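Novice: Have a look at this one.
Throughout, read-outs are computed from the coordinates displayed, never taken from laboratory work. Note that the structure is a prediction, hence the values are computed from the model and not measured. Positions of Cβ are backbone-derived with ideal geometry, glycine not excepted, and every protein chain shown enters the neighbour counts.
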Amino acid sequence: MFDIKNIAAGGIAEAAKKIFGTAPEPAQIADMIEYPPDKSMGDIAFPCFRLSKLLRRSPADIASALASEISLPEFSEITAVSGYLNFRADSTGLAKKTVSEIKEKGDKYGSPMNGTGKTVVLDYSSPNFAKPFHIGHLGTTVIGHSLKLLHEFAGYKCIGINYLGDWGTQFGKLIVAYRKWGVKEEVEAGQCDALVALYVKFHAEAEKDPSLNDEARHEFSKLEAGDEENTALWKWFVEISLREYRKTYKLLGIEFDSYKGESFYTDKMPEQIQLLRDKGLLEIDDGASVVRLDKWNMPVCLILKKDGSTLYPTRDIAAAVYRKRTYDFDKCIYVTSAGQSLHFKQWFKVVELMGYDWYNELVHVPYGTVSVNGSKLATRTGNVVLLKDLFRQAIDKVIEINRQKDPDREPDVATAEKVGVGAVIFHYLSNNRMRDINFILEDALNFDGNTGPYAQYTYARTCSVLDKLSSDELSKLKITDAPLGEEERELVKTLSVFPEKVASAIEEYEPSIITRYISELCAVFNRFYHECQIISCPDADLRMSRLALTEATNTVLGTALHLICISTPRKI
């Protein structure tokens with residue numbers, strides 16, 4: 001694996017050892033290399049100030065000595081300027097190396113393969129049953145699945161867990177609401193929408209009669225105690241909810257390895273509660289059982305309510321222990337709203353205090369909040385945008401756009417689904433995950449500029465060019481010695497940094513790095529496409545190089561789109 005930084009880093013390390021007798025490792029040097037703000041300064045630059053203390057030489061002397069020693073075919077110019085070592089890539093040399101590796105590795109190009117032999121468990125999506133799958137769930141779902149795809153790409157064995165919210169006081173509320181206002185036939189007909197309506201009505205009525213909350217807590221306690229009637233209702237509610245969620249997951253192309261929800265850990269919590277007692281960690285505070293975390297500047301972590309009912313930390317601790325025993329993970333990643341950050345810090349610390357030496361393998365990946373037209377999401381008041389409605393509108397818009405372009409063409413619903421859903425995913429993953437998002441439907445469905453449809457259309461464009469070639473022609477594509485122009489040069493450079501982007505996305509748990517890379521690659525390729533003759537190029541060698549670059553773009557763009565959960569239709 002290489003990219004433009006690593007090539008330069010290897011040359012710097014080798015030259016420094018030869019001249020000065022010592023040097024940092026190439027990987028360390030690569031981390032120091034920068035992209036100059038002005039292209040006239042080169043494609044990459046190494047600040048020799050970083051080596052001054054180690055080598056006991058001035059940065060200018062180091063830069064000059066290295067510039068005279070380093071000779072790399074991938075770079076046409078290496079110069080020393082004011083203590084910086086500037087590198088300008090040789091378009092043909094770099095193109096040959098980059099494109100040959102892409103052709104050799106195919107959809108594995110860009111993979112660091114540093115996860116081989118390791119296991120990652122990812123807990124994401126995890127909606128609460130009996131509530132709608134709305135825009136607020138999109139973050140955990142697509143960020144989580146993208147992180148799973150990225151880790152799989154790096155060689156990790158990944159276990160995707162949908163830790164369904166199928167337990168808790170909300171079921172007590174729903175049981176009360178159903179008994180007071182529900183009709184079985186209406187719930188069967190309305191499915192999840194009917195359950196949501198009951199949940200909203202409960203909260204509206206509880207505003208007027210707070211005693212309903214006490215009834216709900218009582219009914220959930222009965223459910224935890226195994227009450228047959230409540231258990232039967234609970235199973236029915238769960239079945240209705242899961243049926244609805246699977247439809248959305250199918251649209252997103254997401255499958256999970258486990259759907260074990262909170263209820264699965266009911267019989268696994270007593271062991272952990274007893275261990276907390278045995279360790280002397282559990283204390284009684286106003287009737288509730290808690291673990292004090294004052295030493296770490298955190299509030300108490302609630303383990304049991306006054307009535308003995310469990311809480312989120314209790315279930316999360318039991319789930320983590322079960323997952324470690326079952327999967328022996330090297331990392332267990334939780335993708336949830338940043339609003340839950342304190343919750344995770346608390347129970348991660350409790351796991352450490354309990355003596356589990358794998359506590360530092362637990363990773364919380366937070367993301368920003370989502371509001372709708374400036375208003376906070378709230379299921380209980382009905383202020384939500386349902387994902388099924390959002391996807392339906394996006395798909396309908398794609399069909400309408402295609403109908404306007406070609407009124408006689410029969411709508412391709414399958415492709416419209418891929419483009420419409422891709423538009424929503426790309427819109428969300430374009431933002432840094434910690435950024436709060438004010439979700440405006442018109443923006444999500446705006447297909448102009450750097451959007452999912454634009455990226456998918458660019459991929460389809462590369463397919464269209466390559467489909468004109470025979471399989472024999474495709475197998476022989478390579479970069480020739482024909483001089484490459486500025487458009488080809490920029491495309492080569494962009495393709496060469498894909499491994500770096502993948503590594504950063506995994507290290508920072510940040511899918512938006514890949515999304516932004518896709519936008520850049522599409523822009524660069526489309527400039528190349530419009531400015532350069534490809535199929536019709538009269539120069540045979542240059543035609544071969546341009547087709548090889550198109551094939552390389554097709555491979556890398558297809559991989560990158562896959563890594564952010566977006567389909568790649570060959571025709572749009």
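Novice: Rank these for me by crowding, K96, K201, going from fewest to most other beta carbons within 10 Å.
Specialist: Least crowded to most crowded, the residues run K201, K96.
Novice: Picking from S68, Y35, I19, whose Cα lies most toward the positive end of the charge dipole for segment 4-89 (charges on Cβ: Lys, Arg +1; Asp, Glu -1)?
Specialist: Of S68, Y35, I19, it is I19.
Novice: Which value, in debye to the nearest 20, describes the size of the charge dipole of the chain about its Cα centre when Lys and Arg Cβ atoms bear +1, Asp and Glu Cβ atoms bear -1, and nothing else is charged?
Specialist: So the magnitude is around 500 debye.
Novice: Whole-Å semi-axes of segment 412-563's equivalent ellipsoid, largest first, each the root of 5 times a Cα gyration tensor eigenvalue?
Specialist: Values for segment 412-563, descending: 30, 18, 13 Å.
Novice: Cα gyration tensor of segment 516-566, axes a ≥ b ≥ c as square roots of the eigenvalues: rounded (a/c below 1.5), prolate (a/b > b/c) or oblate?
Specialist: Judged from the Cα gyration tensor, segment 516-566 comes out prolate (a/c at least 1.5, a/b above b/c).
Novice: Another one. At a 10 Å Cβ-Cβ cut-off, how would you order V121, V365, fewest neighbours first?
Specialist: V365, V121
Novice: Going by how many other beta carbons lie within 10 Å of each one, how would you line up D166, D294, D90, fewest first? Let's see the in-between values first.
Specialist: Values: D166 24, D294 8, D90 19.
The fewest-first ordering by Cβ neighbours comes to D294, D90, D166.
Novice: Output the pairs from K97/K571; K97/K476; K131/K235; K39/K478 with a Cα-Cα distance over 18 Å in this structure; if there are none, say none.
Specialist: K97/K571; K39/K478
Novice: Restricting to the chain, what percent of DSSP beta bridges are antiparallel, rounded to 5?
Specialist: Values: 23 of 43 bridges.
The antiparallel proportion sits near 55 percent.
Novice: For the charge dipole of the chain, defined by +1 on Lys and Arg C-beta atoms and -1 on Asp and Glu C-beta atoms about the Cα centroid, which residue among T480, A89, I135 has the Cα displaced farthest towards the positive pole?
Specialist: A89
Novice: Using Cα centres only, tell me the gap between segment 438-456 and segment 116-171 in whole Å.
Specialist: Spelled out, the Cα-based centre of one part sits 24 Å from the other.
Novice: Which shape class applies to segment 300-431: rounded if a/c is under 1.5, otherwise prolate when a/b exceeds b/c and oblate if not, where a ≥ b ≥ c are the square roots of the Cα gyration tensor eigenvalues?
Specialist: Verdict is prolate for segment 300-431.
Novice: Per residue of the chain, what 222 nm ellipticity follows from adding -39500 (n - 2.57) for every DSSP H run with n ≥ 4, rounded to the nearest 500?
Specialist: -18000 deg cm²/dmol
Novice: So how far apart, in nm, are the two label points at E207 and K345 if each is 7 Å from Cα heading toward Cβ?
Specialist: Inter-label distance under the simple model: 3.3 nm.
Novice: Counting alpha carbon pairs within less than 8 Å and at least 6 residues apart, what relative contact order, in whole percent, applies to segment 49-179? Before the final figure, lay out each step's value.
Specialist: Working: 163 pairs, mean separation 25.2, N = 131.
In percent, rounded to a whole number, it is 19.
Novice: Just the number: Rg to Rh for segment 1-142, Cα atoms, Kirkwood Rh, two decimals. Numbers along the way, then the final one.
Specialist: On the way: Rg = 21.1 Å, Rh = 17.9 Å.
Here the Rg-to-Rh quotient is 1.18.
Novice: With loop defined by DSSP as not H, G, I, E or B, and exposure as at most 13 other Cβ atoms within 10 Å, which is the longest segment of the chain clear of exposed GluC sites (Glu not before Pro)?
Specialist: Between exposed loop sites, the widest span is 1-254.
Novice: Assuming 0.36 nm per residue, please report the length gained on full extension of the stretch C537 to D406 beyond their Cα-Cα distance. It would help to have the intermediate numbers written out before the result.
Specialist: Numbers: separation 131, 0.36 × 131 = 47.16 nm, distance 3.01 nm.
Between C537 and D406, full extension yields 44.2 nm more.
Novice: Give me log10 I(q)/I(0) at q = 0.08 Å⁻¹ for the chain, Debye formula, one equal scatterer per alpha-carbon, no solvent.
Specialist: One equal scatterer on each Cα of the chain leads to -0.68.
Novice: Using Cα-Cα distances under 8 Å and only pairs 6 or more residues apart, what relative contact order does the chain have, in percent?
Specialist: Answer for the chain is 16 percent.
Novice: What percent does the relative contact order of segment 388-473 come to when contacts are Cα pairs within less than 8 Å and at least six residues apart? Mind dumping the intermediate values first?
Specialist: Working: 52 pairs, mean separation 24.3, N = 86.
Value for segment 388-473: 28 percent.
Novice: Can you tell me the 0 to 90 degree angle between the C-alpha axis of helix 312-327 and the longest principal axis of the chain, rounded to 10?
Specialist: 50
Novice: Are there any chymotrypsin sites (Phe, Trp or Tyr not before Pro) in segment 404-498 that are in a DSSP loop and have at most 11 other Cβ atoms within 10 Å? List them by number.
Specialist: On the way: sites: F426, Y428, F439, F447, Y454, Y457, Y459; in loops: F447.
Answer by residue number: there is no such site.
Novice: Rounded if a/c is under 1.5, else prolate if a/b is larger than b/c, else oblate: which is segment 56-124, with a ≥ b ≥ c the root eigenvalues of its Cα gyration tensor?
Specialist: oblate
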